[in-house]
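Read the figures in this text as sums done on the coordinates, not as results from a lab. Computed from a predicted model, the values in this text were never measured in an experiment. Because the Cβ atoms are built from the backbone with ideal geometry, glycine has one as well, and the counts that use them run over all protein chains shown.
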Amino acid sequence: MTSSNNKQPTTLAAWPLAICQALEAIKIDPDPLLASAQLKRADFIDQPDGRVDIRLMTAFWQAVENTTQDSSFALTVANYVQPMHFRALGLLMLTTKNLESALLKLGQYSQLISNSVTTRTETKDELIGLCIDPIIGIKIHPMSIDSFFSTLLAFTNQLGALTNPIDHVELMREKPPQSDNWQERFKAPVHFSAPQNCLWFKRDKLGRSGVMGDEKLAAFNESVVKEYINNLNSDHIRLKVKN
């Protein structure tokens, strides 16, 4: 977990819990891997709204890859992620009017999940992309991008998508040995060594509302998200002033 004198970028503490579940599903004890990255699962359980230093999270991902010997393992983490792993942002996504709105809210408030990258939405013809841009000087593991994109696909299914909404995927990582696993997961072309990390959706597949949409709940959830991010940013400003 992060400490009060740490000004490093962070990620939400609830996220590693899903990784632990994915590891246990293949009979791997996650606790030694967490310990190797100076992390403890009890901290995540006790403080799911807390933050994890991105350096420790990157070390944890590396330990996961070394132990599983499977560069595609992160794709399976999505099977154990629920909207509440994203805390108030997950609830906001559940209560927006449709899938496109949920995607846009995720892009707008993604720093709640992690402020170690820059997230933006991009439109092109009939497509909308959620792009994740690295920040110079901040090291993140490619598995973190894989797990996030895979989770977004899982969320679209949970939120009412009737057919696969993915048009194609761009990943900056080099083509891995098990590249077919990405194709199988996204059911769409996957381009490795791309100039950006971007998950491209077919816009016409995102308009369905299904059981989604509660304007009052969405407004409340958005206010909670904004308050969390404001507090997070205020903490960073106080640390900069102190330093």
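So here's what we get for this one:
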quantity	calculated
Long-range HN-HN contacts of ASP167 with modeled amide H, under 5 Å	TRP200, PHE201, LYS202
Potential extension, ASN157-ALA219 segment - 0.36 nm per residue separation minus Cα distance	20.0 nm
Prolate/oblate/rounded label for the stretch 116-174 (Cα gyration tensor, a/c 1.5)	prolate
Cysteines without a disulfide-compatible neighbour (Cβ-Cβ under 4.7 Å), the chain	CYS20
The chain: relative contact order as a whole-number percent, Cα under 8 Å and 6+ apart	22
Cβ-placed point charges (K, R +1; D, E -1), dipole of the stretch 81-158 about Cα centre in debye, nearest 20	280
Förster-model FRET efficiency, 41 Å R0, GLU24 and ASP125, C-beta, rounded to 0.05	0.45
The chain: radius of gyration and largest Cα-Cα distance (Dmax), Å	17.4, 51
Highest-MSF residue in the chain out of GLU126, GLU170, GLU100 [GNM, Cα springs under 10 Å]	GLU126
Approximate spin-label separation LYS139-GLN178, in nm, with each point projected 7 Å along Cα-to-Cβ	2.3
Cut-off 11 Å between beta-carbons: net charge of the residues surrounding LEU199, Lys and Arg +1, Asp and Glu -1	-4
Estimated dipole of the chain in Debye, rounded to 20 [Cβ of Lys and Arg +1, of Asp and Glu -1, Cα centre]	520
The stretch 11-96: translational diffusion in µm²/s, Stokes-Einstein, Kirkwood Rh over Cα pairs, 4 °C, 1.567 mPa s	98
Gyration tensor (alpha-carbon) shape descriptor, the stretch 101-210, a/c threshold 1.5	oblate
Interchain or long-range residues, amide H under 5 Å from SER116's placed H	THR10
Cα gyration tensor, the stretch 96-138 - rounded (a/c under 1.5), prolate or oblate	oblate
Contour excess over end-to-end distance, with Cα ends at GLN62 and ASN164 and 0.36 nm allotted per residue	33.7 nm
Candidates THR123, THR76, THR58: whichever shows maximal mean-square fluctuation once the chain is modelled as a Gaussian network with Cα springs under 10 Å	THR123
